[in-house]
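Chemist: Shown below is the structure under consideration.
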Amino acid sequence: MARSFSRALAFAAGVSLAALAAPAFAQSGSEIDPNTVVARVNGFEITMEQVERMRARDPQLMQVPLPMLYESILNHLIEGQLIADKAKAEGFADHPDVAERLNAVRDEIVRSVYLTKMVEDAATEEAIQARYEAFKAEHPPEEEVKASHILVETEEEARALIEQLEDGADFAELAKAESTGPSAPNGGDLGYFRRNGQMVEPFAAAAFDLEAGAFTTEPVQTQFGWHVITVTDRRMAEQPSLEQVRNQLTTEIAQDTIESLVEDLRAEAEIETTPIEDVVPKAEAE
């Protein structure tokens, strides 16, 4: 286990430094004070924020309970600080390669922090609420049906089942006994679904033509086989609550904010590009 943790940590260490700008505690949902000091190395303090940031670099580590990772991550940070102290003592802080690499990542970190602040300023509760109202207006409540079906291989089998239903047979019991679909153990129950996008078209069209309590008097063919369908209920679906779509709306605000910024910057900037044919030799392009 410790060896696999080490491999994961080594992978995490190679992730872009832009991840350092991410609010790790907000992502993990932890209630631990990020400023809690968990180690001191020659006077240098290591905090829980650093532990969580290291963990957040790899999504796989975020799925593992923190107590299982804590010592491995902490030792990794301690050893990293010891090596950094040794390198600084030998003058490597002023090494040309260090300055070159810092310059390479500085813009990335500045950009990430800047965009994070812009999005935080834009995604206010008022902005999210306004977008939610627009979302509800664009997605009015839709009707749903609650249906069950019996799936068989041939039209003849479907017609024979319809005859049994017309003679008073119980739909759910027939589905359990005859249906080849995965819903058979539940009496063919498919739950509630909307008119578009959730079921294949011939099936949805037939289901929405039925009143509650009725079944199809003609078999319905789809790519899965032949269906006999009954509708047990019809209702208007409830619109999702704000909390159910909050992440989606926040993401949309972030995308719109960044797109607007980029459009404005491009409009004001002088940009020159080189055609691909001037970069890639013709032989390689072909």
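Readers should treat all values here as calculations from the given coordinates under stated rules, not as data from a laboratory. Since we're looking at a predicted model, the values are computed, not measured. All Cβ positions, glycine included, derive from the backbone under ideal geometry; neighbour counts span all protein chains shown.
Chemist: Kirkwood hydrodynamic radius for the chain: how many Å is it when counted over pairs of different Cα atoms?
Modeler: Its Kirkwood hydrodynamic radius stands at 25.6 Å.
Chemist: Expressed as an acute angle from 0 to 90° and rounded to the nearest 10, what is the orientation of the C-alpha long axis of helix 96-122 relative to the principal long axis of the chain?
Modeler: 50
Chemist: Let me ask you something else. How big is region 134-251 by Rg and Dmax over its Cα atoms, in Å?
Modeler: Here Rg and the maximum Cα pair distance are 16.5, 55 Å.
Chemist: Return Ser183, Ser260, Ser148, Ser241 ranked ascending by Cβ neighbour count within 10 Å, so the fewest neighbours appear first.
Modeler: Ascending number of Cβ neighbours within 10 Å: Ser241, Ser260, Ser183, Ser148.
Chemist: Compute, for the chain, the length of the dipole vector about the Cα centre, with Cβ point charges of +1 (Lys, Arg) and -1 (Asp, Glu) only. Units Debye, rounded to 20.
Modeler: With Lys and Arg at +1 and Asp and Glu at -1, about 1420 debye.
Chemist: With an 8 Å cut-off on Cα pairs and a minimum separation of 6 or more residues, tell me the relative contact order of the chain in percent.
Modeler: 16
Chemist: At a 10 Å Cβ-Cβ cut-off, how would you order Val280, Val245, fewest neighbours first?
Modeler: Val280, Val245
Chemist: Same structure, new question: Give the order of Met48, Met54, Met62 when sorted by the count of other beta carbons within 10 angstrom, beginning with the fewest.
Modeler: Ascending Cβ contact count within 10 Å gives the list Met62, Met48, Met54.
Chemist: What does the charge count near Glu201 come to, summing +1 for each Lys or Arg and -1 for each Asp or Glu among other residues with Cβ under 14 Å from its Cβ?
Modeler: Taking every other residue near Glu201 into account, the sum is +1.
Chemist: For the chain, what does the helix formula give at 222 nm: sum of -39500 (n - 2.57) over DSSP H segments with n ≥ 4, over the residue count, nearest 500 deg cm²/dmol?
Modeler: Details: 12 runs with 154 residues, N = 286.
For the chain, the value works out to -17000 deg cm²/dmol.
Chemist: Angle between the Cα long axis of helix 66-89 and the longest principal axis of the chain, 0 to 90 degrees, nearest 10?
Modeler: Helix 66-89 and the main axis of the chain meet at about 30 degrees.
Chemist: Which of Ala207, Ala89, Ala147 moves the most in a Gaussian network model of the chain with Cα springs under 10 Å?
Modeler: Ala89
Chemist: Ok, one more. Bin width 10 Å, alpha-carbon pairs only: give the P(r) of region 119-179 as whole percents, running from 0 to the bin holding the largest distance.
Modeler: 17, 27, 12, 11, 17, 14, 2
Chemist: Another question, then. Under 14 Å from the Cβ of Val105, count the other residues' Cβ atoms, weight Lys and Arg +1, Asp and Glu -1, and hand me the total. List each step's numbers first, then the result.
Modeler: Working: positive: Arg101, Arg106, Arg111; negative: Asp97, Glu100, Asp107, Glu108.
Once positives and negatives cancel, what remains is -1.
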